[in-house]
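*Asks:* Take this structure, written in structure tokens, and hold onto it; I'll ask about it next.
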Amino acid sequence: MDKTSRNRWLARGASLVFAVILWFFVTWEATELTSRKFLVPLDYQDIQDGYSISRRIDNIEVRLEGKLEDFALMNRRDVVASVGMSDLRPGKYSLPIQVVSPSGLRVVSYSPNTVDFELFRMISRSMRPSLVLEGDMPENLVLSSVDITPPEVTLRGPEAAVIEVRRAEARSAAAGMIGGAEIELPVFLLKEDGNAADIEAVPPSVRVRAYFIRTMQETRVPVNVQVTGIPGDGLEIGKIIISPDTVLLRGTGAALLGVSELTLSPIDVTGHTENMNMDIPLEPPSDSVTIVGAEQVSLTVEFRNAVETRTFLGVPVELRGTSDAAKWILSPQVVSVTVERPSVPGAAFDPNDPPLELYIDATNVVTQQMTLPILVDRAAAGVSVIRIEPQQVTITAGGR
């Protein structure tokens, strides 16, 4: 064999060996097992309406093992990490996490394996804010009365945080209120120890106007009562009614300036299922102050079934009262509506089916444009409308 032929055969042999090695490498690479880590969102399943979670974790780290080709086909959303919360009552829990992997891949490990959290119930409560004057006050002036708008604020949040609120205060420097102007002031919610509560008032501020007179020896203040404890299962505190809800105090100017409300002894409602009615004797806030007229107040604590609240977005507004609806253009055509009803286990609101109809009445509209209020029709039994945003719709002639 000449040198040229020998070189040709050597080249062919080398090519064959290279092809075999390449085939072996590709086959080995495709079948080799490997592992990878992924950050997977943790799904809290079956949380009951009206409940929420604190100290939660949002993601866990999951290690999967499998072939490269299986990883290439994987969608990260195919890895599911969840913790079941069906039928849990308020309290602290430590529950195992369940992880499901895509087909062809195996869960090697995940961290953490359990999740610690606290489950709590959301409740609401109304409270009258009081004005607290700070700083020096001229000796010849005494606070006579206070107008606060709105007269009540709503506390909504975790049950324990709402119950521990003892008073709501609107604070201002005394000098800033003497002129008689209406001032917007933030509302501070305070616990029994004077520290700030962990929730906010709704609305977070009120408009306050204070009235002063010279050498005033009497002042009227609101009566406040602290309600503690939790009523029987399935109930929450509804209304707290005090009659009379204000009393007239008489004393020295210095003594009355330090009194913004008259606080009654705490009332414990733990385990009660029926409305509570009682008469409570009044006691002056100090030895230098007396109560004029009233000796006691009547207190009523009403309970109600826990309520379910839902906000529906994009609810259509129907035009009624005209035979030619196509003539008018509505703006906006859809609104949001917030409703509530007594909570019924296993019968939550359908988020896609508002339990009412909204419409505007164009019966007497004769102008080219008019703004009309939104009206409610066919509301389901027990459903109350809390809020409609916006509350009015503008109709304009010009439709076809």
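*Asks:* Need the failing condition index for Thr371 against (1) part of a loop (DSSP other than H, G, I, E, B); (2) of a type outside the set (D, E, K, R); (3) farther than 24 Å from Gly157 by Cβ, just the number.
*Replies:* So Thr371 meets the others, but not (1).
*Asks:* Go through Val107, Val153, Val99, Val208 for me and flag whichever is surrounded by 14 or more Cβ atoms within 10 Å (Cβ to Cβ), outside the structural domain of Gly229 (by TED's automatic domain parsing), under 23 Å from Lys239 (Cβ atoms) and of a type in the set (Val, Ile, Thr). Full working, then the answer.
*Replies:* On the way: Val107 fails: under 23 Å from Lys239 (Cβ atoms); Val99 fails: under 23 Å from Lys239 (Cβ atoms); Val208 fails: under 23 Å from Lys239 (Cβ atoms).
That would be Val153, the only listed residue that is surrounded by 14 or more Cβ atoms within 10 Å (Cβ to Cβ), outside the structural domain of Gly229 (by TED's automatic domain parsing), under 23 Å from Lys239 (Cβ atoms) and of a type in the set (Val, Ile, Thr).
*Asks:* Moving to a separate point now. Can you tell which of Val289, Val221 is in contact with an Asp or Glu (Cβ under 6 Å, 6 or more places away or on another chain), over 30 Å from Arg341 (Cβ atoms) and touching a residue at least 40 places away in the same chain (Cβ under 8 Å)?
*Replies:* Val221
*Asks:* Determine whether the stretch 114-136 contains at least one residue that is touching a residue at least 12 places away in the same chain (Cβ under 8 Å), surrounded by fewer than 14 Cβ atoms within 10 Å (Cβ to Cβ) and among the hydroxyl-bearing types (Ser, Thr, Tyr).
*Replies:* yes
*Asks:* Can you name the number of the only condition in (1) within 30 Å of the chain's Cα centre (by Cα); (2) part of a loop (DSSP other than H, G, I, E, B) that Gly104 fails?
*Replies:* (1)
*Asks:* Give, as residue ranges, the strands (runs of 3 or more DSSP E) completely inside the stretch 111-171 that count at least 1 residues that are closer than 30 Å to Ser86 by Cβ.
*Replies:* 114-127, 153-158
*Asks:* So which residues in the stretch 295-306 are loosely packed, with under 14 Cβ neighbours inside 10 Å and not in a strand (DSSP E or B)?
*Replies:* Correct list: Glu295 only.
*Asks:* Within the stretch 224-262, which residues are polar (S, T, N, Q), touching a residue at least 60 places away in the same chain (Cβ under 8 Å) and either surrounded by 16 or more Cβ atoms within 10 Å (Cβ to Cβ) or under 27 Å from Gly135 (Cα atoms) (or both)?
*Replies:* Asn224, Gln226, Ser260
*Asks:* Being in contact with a Phe, Trp or Tyr (Cβ under 8 Å, 6 or more places away or on another chain) and outside any strand (DSSP E or B) is the filter here, so list the residues in the stretch 307-348 that pass it.
*Replies:* The answer is Thr322, and nothing else.
*Asks:* Considering (1) under 32 Å from the mean Cα position of the chain (by Cα); (2) surrounded by fewer than 15 Cβ atoms within 10 Å (Cβ to Cβ); (3) not hydroxyl-bearing (Ser, Thr, Tyr), say which one Gly321 fails and leave the rest.
*Replies:* Just one mismatch for Gly321, condition (1).
The values are calculated or read from the model by the stated rules, or taken from the named source; none is laboratory data. All values derive from a computational prediction rather than experimental measurement. Cβ coordinates were reconstructed from backbone atoms using ideal geometry, including for glycine residues, and neighbour counts include every protein chain displayed.
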